[in-house]
Amino acid sequence: MRRVWAVLAASIWIFAAEAEEFTIELHKIDEKGSGEAIGAVGVRDGAAGLELVPNLKNLPAGSHGFHVHENPSCDPGEKDGKFQAGLAARSHYDPEKTGQHLGPLGHGHLGDLPMLVVAEDGTAKTPVTAPRLRAKDLKGRALIIHAEADNYADKHGGARIACGMAK
Ligand SMILES: [Cu+2]
Ligand SMILES: [Zn+2]
């Protein structure tokens, strides 16, 4: 019996030690680099997966592609001879190298998040949950908001318009 309690206590301790919570500050980005601060996204491990709680402003209204990108940089990058916003963050976080963009419930990129919804006044405050991710997966990555909606197939949301890094 004592052994059972020891195992139980150890598992509770492990769960508590793994549950994490932190905040990622976001800035607008363009082909020159990072600009205006637009608020933050709180991330925490919940019962149903990673909860992302945005408190953002000055974004275009509507639904936006929202992803964890693999490289911790919000810098521009060069593509086809032109500098573009946020390319240094590289592709969607895909530790299993699936090469597939299938959304938060699919078995492709782990970094595919539910879309970020921005209200008419330019604020985003609606939380989203990514069931396959944990907060620790965001450490050393970049969180990116795109200009347009994501269809979890061939469209990721177009240009990268805001970015933040998890330290
Ligand atoms: Cu993205
Ligand atoms: Zn993807």
Next item on the list: Tell me which residues, restricted to the stretch 50-102, are hydrophobic (A, V, I, L, M, F, W, C) and within 16 Å of ligand 2 (Cβ to nearest atom).
Entry: Leu50, Leu52, Phe66, Val68, Leu87, Ala89, Leu102
Next item on the list: Mind counting the residues in the stretch 126-158 that are small (Gly, Ala, Ser) and more than 10 Å from ligand 1 (Cβ to nearest atom)?
Entry: 6
Checklist line | Residue within the stretch 36-43 that is touching a Leu at 6+ places or on another chain (Cβ under 8 Å), within 16 Å of ligand 2 (Cβ to nearest atom) and either under 17 Å from Ala147 (Cα atoms) or assigned to a loop (DSSP other than H, G, I, E, B) (or both) present | finding: no
Item checked: Selected residue [surrounded by 14 or more Cβ atoms within 10 Å (Cβ to Cβ), touching a residue at least 24 places away in the same chain (Cβ under 8 Å) and under 14 Å from the mean Cα position of the chain (by Cα)] from Pro76, Pro72 -> Pro72
Next item on the list: Look at Gly103 and say whether it is at pLDDT 95 or above, part of a loop (DSSP other than H, G, I, E, B) and within 13 Å of the chain's Cα centre (by Cα).
Entry: yes
Check: Is there a residue being within 13 Å of ligand 1 (Cβ to nearest atom), surrounded by fewer than 19 Cβ atoms within 10 Å (Cβ to Cβ) and under 16 Å from Leu26 (Cβ atoms) anywhere in the stretch 107-120?
Finding: no
Item checked: Filter result for Val53 (part of a strand (DSSP E or B), out of contact with any Cys (no Cβ under 9 Å at 6 or more places or on another chain) and either more than 16 Å from ligand 1 (Cβ to nearest atom) or open to solvent by 50 Å² or more (accessible area, probe 1.4 Å) (or both)) -> yes
Check: Exactly one of (1) over 12 Å from His156 (Cα atoms); (2) within 12 Å of ligand 1 (Cβ to nearest atom); (3) touching a residue at least 40 places away in the same chain (Cβ under 8 Å) is unmet by Asp94. Its number?
Finding: (3)
Check: Of all residues in the stretch 124-165, which are part of a strand (DSSP E or B) and among the aliphatic types (A, V, I, L, M)?
Finding: Ala124, Val128, Ala130, Ala142, Leu143, Ile144, Ile145, Ile161, Ala162, Met165
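The values are calculated or read from the model by the stated rules, or taken from the named source; none is laboratory data. Because the structure is predicted, anything quoted here is derived from the model rather than measured. Neighbour counts run over all protein chains shown; Cβ positions are idealised from the backbone, glycine included. Note: accessible area is taken over every heavy atom of the protein model, side chains too, but ligands, DNA and RNA are not part of it. Shrake-Rupley method; radii C 1.70, N 1.55, O 1.52, S 1.80 Å.
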